[in-house]
Amino acid sequence: MGRIHPEIYFFGAGVAEGRSEMRNLLGGKGANLSEMARLKLPVPPGFTISTQVCDYFYDHGHKYPKGLTEGVAKSVAHVERALGRKFGDAKNPLLVSVRSGARVSMPGMMDTVLNLGLTDETVRGLEEISGNARFAWDSYRRFCQMFGDVVLKLKPENKNDPDPFEEIIDRKKVARGVKNDTELKVDDLRELVGEFRALIRARVGRDIPQDPREQLWMAIGAVFDSWHNDRAITYRRINNIPGDWGTAVTVQSMVFGNLGDDCATGVAFTRDPGTGEKGIYGEFLPNAQGEDVVAGIRTGRQISLKAGREWAKRAGIGEAERVAQYSTLEESFPDVYKQFLEISAQLEKHFRDTQDMEFTIERNRLYMLQTRTGKRTAQAAVRIAVDMADEKLIDRKTALKRVEPEQLEQFLHPRLDPSSKRHVIARGLPASPGAVNGEVVFSADEAVVVAEAGRKVILVRLETSPEDIHGMQVAEGILTARGGMTSHAAVVARGMGKSCVAGVSALEIDYGAGTLSANGAVVRRGEYITLDGSAGEVIAGRVPTVEPEMPSYFKKFLSWADAVRKLGVRANADTPDDAKIARDFGAEGIGLCRTEHMFFDPERISAVREMIMAENATQRGRALAKILPMQREDFVGILKAMAGLPVTIRLLDPPLHEFIPHADTELRELAAKIGTTLEHLKQVRESLFEVNPMLGHRGSRLGISFPEIYQAQARAIIEAACELRKQGVKAMPEIMLPLIGERREFDILAAQIREVADAVFKERGIKVAYTIGTMIEVPRACVTADQIGAVAEFFSFGTNDLTQMTYGISRDDSGKFLADYISTGVYKKDPFAELDPVGVGELMRIAIERGRKSNRKLKIGICGEHGGDPASVKLCHRLGLDYVSCSPYRIPVARLAASQAAIEASQKKAAFKDV
Ligand code: PEP
Ligand code: MG
């Protein structure tokens, strides 16, 4: 068969016009349906309209390209021929689903219509071919509901109102005295169809068309429209998905999982998306349609017997009850189960990644409806990458590229303190790991308000929907009463790395009263609960949490990263404790120890203040003599924790006024303590006041004005190193001067430090190695880096200040307008979070080039916040830095990002060679 239309790709019935590589054009879903057809897997035939039509649709006032109408008609005819059914036929009708599909999966964000093609006439045909009137009318009822909601936009009028269609169903159930939908009779369903359509006519002013072709085109339009609905826009913003990619539309023949007990539908992963463990993981429902599983309306059943038994044990269900009510796919459909295992294995091998599959069983025949790369937790991502590399399914470089560096931080998520007491009020599914606590809120909007006030929240809902995404984003964790491991709440929380407990059936939620209750316990809005997303527990009150351990596969993964990366990774750490944590996470030294934090210690702040208040150098020297031994102890601790590794210690940086109390009462106390007058202290406070402290008397300017301060700090460092040397500990101090913008500043201060060091060596009769370098954080330092580089032994980019000064944006005040700059697109990213490659990056490039030109051995690193941001780490690699330095918890992130940068660079080089 030749192509019907250039923008339409047919699949199934022995044809596969697309392939998996064509996801930009066909969306992930369409591309993989074609690929499955190519692999000769049982796929119901259909066709995909490309994303280019979506572009055209928006560029041309919601019109379609030439020939598309005929192309769709011919494609439908082809499906009709393949199945021997006809669209709109009263005897043997073809029904189709119309689905969205972008190039990356956006679960539940865009629209889908099922059972399309049902009319007053074809419903009779469906009765006939299925021999099941209830099924036919139930399908028609579902179609009217979906078409009304998705295409004709009949939604609840207010956020907390129930769904208008569900309200009609509930009324019908009450009238008939039944509890479940499944107990409604054919006549009830027929009445429901009439009532739905009456409501649609009354509220929308039109009926559901009785011509299937009109239905089809309206549904296609609605799917294209849904690319720009609010939740899709929010999802794209959160996930950095460009708005111009567009969605494809896949029209596929329906197969039915709800014709009777020999039918079923389900979703499954080839590996556990929570832990990464190998083996089929999923849920199915007998006699149901796909959306029932995802919506979590009924409790899903397990696929394998092993999983079924484990599930029953967790849920406290005995074996007899399990077999009677929750039998697994392996037990209920043994042949299909076997076939499904084979197909899963084939798909995983083919795509070389964990697959997330949807399937339907119609009269004991298996159909594959979708396969896509399975979303997973950080834990699962790393474990799967390591396992697949060990299984030789992928190579190590591919494994490293499979994990987003940011995800690694989730390994460092807290667990419940094992020694703490906990009152478990309910249990549910362990949907997404991590232990968290927070105030209970019952809506996404409320979550945003409370989180903005700086408080931690747990979002509690009956179930979540894509409309709740903004609330989930700010919540610590998510708790739902309904839904399984593949429910919206579970899938989205895992993707976001948030803790989630789902499907807590004992939970009763009263949105109106603002309470949740379970097993006799009642929690009100604003009260604390704790979630353990790894165990599926809901716990009363605020339970303390402890830091996690790192599993062996995590360490193995990072060792692979270390083997390929070129950049060193150091930590910004100010205390021996932080230094120890950093070392455990793999830090290869300290890139920034900010000494000012040590000065705030309550025991020494008054000596620091005395030093600042001093009227002359002698007084200042006296105060510094009190500080010196304490500083020496600080440095002994930190250099010891990093024995054998370099430790960059920065001399005092912030303006002195930061150390002075603001309130007069405190100032009076201080005056009494250090034996001076309040008046004098007020004068000092006045003299230190600065209108623009960020550009004021700070950094090396302090060293020039008050040489005693830097001399005392240098002495503390060198004495500490000498002391350690005596203990046989190898200390490697690197003394760093902040905010240098002129070579002569460096010359003067470095000379003073050397003088102090020589004096200490003489006093102690030993010598230690040390270096003196500078931060590069003033644009002038970048431009004159040849001069500064000639005298400094190392550079460390302070990109916080460098960004501030390059943009002319105050670090203190930018909060007022930065959000506007990002939302209006003036800036693509917050330049304080991700290094600006064009401006700041260019200054860095100049500094590196000029610095290395005059000093070939110059060591260059970065210690601004950007040092732990993956995109910035990659830029640092490209610029040729020696190392990055970041907060201890970002170290694994930086190690992986650095390895990916090295892999990307080598692959680019290889590709260039191939050309
Ligand atoms: C910097 O400016 O990037 C830096 C690391 O120093 P600080 O943030 O302490 O000014
Ligand atoms: Mg700085």
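Brief remarks on what is shown
- Subset of segment 164-211 (residues that are at pLDDT below 95 and of a type in the set (S, T, N, Q)): ASN180, THR182
- Residue check for THR799: within 15 Å of ligand 1 (Cβ to nearest atom), in contact (Cβ under 8 Å) with a residue 12 or more places away in the chain, of a type in the set (Ser, Thr, Tyr) and in contact with a His (Cβ under 6 Å, 6 or more places away or on another chain): yes
- Any hit, segment 775-785, residues being within 16 Å of ligand 1 (Cβ to nearest atom), basic (Lys, Arg) and within 30 Å of ASN692 (Cα to Cα): yes
- Identity of the residue in segment 736-755, in a loop (DSSP other than H, G, I, E, B) and aliphatic (A, V, I, L, M), that ends up surrounded by the fewest Cβ atoms within 10 Å (Cβ to Cβ): LEU739
- Among residues of segment 826-852 that are under 18 Å from ILE776 (Cα atoms) and touching a residue at least 40 places away in the same chain (Cβ under 8 Å), those with a beta-carbon under 8 Å from a residue that is buried (at least 21 other Cβ atoms within 10 Å of the Cβ) and among the charged types (D, E, K, R) at least six positions away or on a different chain give the pairs LEU835/ASP869.
- Matching residues in segment 860-913 - criterion: being within 16 Å of ligand 2 (Cβ to nearest atom) and open to solvent by 40 Å² or more (accessible area, probe 1.4 Å): GLU865, SER887
- Only residues that are touching a residue at least 40 places away in the same chain (Cβ under 8 Å), surrounded by fewer than 17 Cβ atoms within 10 Å (Cβ to Cβ) and either aromatic (Phe, Trp, Tyr) or not in a helix (DSSP H, G or I) (or both) were counted across segment 230-240, and they come to 1.
- Reported count of residues in segment 177-201, each being among the acidic types (Asp, Glu) and within 41 Å of the chain's Cα centre (by Cα), is 1.
- Flag for GLN804 being open to solvent by 40 Å² or more (accessible area, probe 1.4 Å), touching a residue at least 60 places away in the same chain (Cβ under 8 Å) and polar (S, T, N, Q): no
- Only one of VAL251, VAL267, VAL204, VAL223 that is under 40 Å from the mean Cα position of the chain (by Cα), under 29 Å from ASP468 (Cα atoms) and exposed (fewer than 15 other Cβ atoms within 10 Å of the Cβ): VAL204
- Selection status of ASP758, more than 16 Å from ligand 2 (Cβ to nearest atom), part of a helix (DSSP H, G or I) and open to solvent by less than 70 Å² (accessible area, probe 1.4 Å): no
- Within segment 180-201, considering residues that are farther than 22 Å from ARG298 by Cβ and of a type in the set (A, V, I, L, M), the one surrounded by the fewest Cβ atoms within 10 Å (Cβ to Cβ): ALA198
- In the condition set (1) in contact (Cβ under 8 Å) with a residue 24 or more places away in the chain; (2) away from ligand 1 (no atom under 16 Å from the Cβ); (3) open to solvent by 10 Å² or more (accessible area, probe 1.4 Å); (4) touching a helix residue (DSSP H, G or I) at 6+ places or on another chain (Cβ under 9 Å), HIS697 is compliant with all but (2).
- Subset of segment 529-549 [open to solvent by less than 40 Å² (accessible area, probe 1.4 Å), within 30 Å of ALA582 (Cβ to Cβ) and in a loop (DSSP other than H, G, I, E, B)]: GLY533, VAL543, PRO548
- Verdict on HIS662 being farther than 30 Å from ASP786 by Cα, within 16 Å of ligand 1 (Cβ to nearest atom) and open to solvent by 10 Å² or more (accessible area, probe 1.4 Å): no
- Residue in segment 727-735 that is more than 16 Å from ligand 1 (Cβ to nearest atom), in a helix (DSSP H, G or I) and either among the small types (Gly, Ala, Ser) or open to solvent by 60 Å² or more (accessible area, probe 1.4 Å) (or both) present: no
- Which numbered condition GLY526 misses (of (1) modelled with pLDDT of 95 or more; (2) surrounded by fewer than 17 Cβ atoms within 10 Å (Cβ to Cβ); (3) assigned to a helix (DSSP H, G or I)): (3)
- Test: residue in segment 39-53 that is buried (at least 16 other Cβ atoms within 10 Å of the Cβ), at pLDDT 95 or above and in a helix (DSSP H, G or I): yes
- Residue in segment 121-144 that is open to solvent by less than 10 Å² (accessible area, probe 1.4 Å), assigned to a loop (DSSP other than H, G, I, E, B) and on the phi < 0 side of the Ramachandran plot present: no
- Of all residues making up segment 254-264, the number that are surrounded by fewer than 24 Cβ atoms within 10 Å (Cβ to Cβ) and in a strand (DSSP E or B): 0
- A single entry from ARG570, ARG604 fulfils the requirement of being touching a residue at least 60 places away in the same chain (Cβ under 8 Å) and charged (D, E, K, R): ARG570.
- Under the condition of being surrounded by fewer than 22 Cβ atoms within 10 Å (Cβ to Cβ), in contact (Cβ under 8 Å) with a residue 40 or more places away in the chain and either within 14 Å of ligand 2 (Cβ to nearest atom) or on the phi > 0 side of the Ramachandran plot (or both), the residues counted in segment 761-781 number 1.
- Residue within segment 73-82 that is of a type in the set (Ser, Thr, Tyr) and farther than 30 Å from ILE469 by Cα present: yes
- Qualifying residue in segment 83-99 (condition: part of a helix (DSSP H, G or I), open to solvent by 30 Å² or more (accessible area, probe 1.4 Å) and either modelled with pLDDT under 95 or among the hydroxyl-bearing types (Ser, Thr, Tyr) (or both)): yes
- The single condition among (1) in contact with a strand residue (DSSP E or B) (Cβ under 9 Å, 6 or more places away or on another chain); (2) within 16 Å of ligand 1 (Cβ to nearest atom); (3) more than 23 Å from PRO576 (Cβ to Cβ) that GLU793 does not satisfy is (2).
- Residue in segment 257-278 that is closer than 13 Å to MET109 by Cβ and either at pLDDT 85 or above or among the aliphatic types (A, V, I, L, M) (or both) present: no
- Segment 891-915 - residue that is of a type in the set (Val, Ile, Thr) and under 17 Å from ALA871 (Cα atoms) and, of those, nearest to the chain's Cα centre (by Cα): VAL893
- Selection status of ALA819, within 40 Å of the chain's Cα centre (by Cα), away from ligand 2 (no atom under 15 Å from the Cβ), open to solvent by 10 Å² or more (accessible area, probe 1.4 Å) and more than 30 Å from LYS730 (Cβ to Cβ): yes
The values are calculated or read from the model by the stated rules, or taken from the named source; none is laboratory data. Note that this is a predicted model, so its numbers are computed, not measured. Heads up, the Cβs are rebuilt from the backbone with ideal geometry, glycines too, and the neighbour counts pull from every protein chain shown. Areas reflect the complete protein model, heavy atoms only, side chains present, ligands, DNA and RNA absent. Shrake-Rupley method; radii C 1.70, N 1.55, O 1.52, S 1.80 Å.
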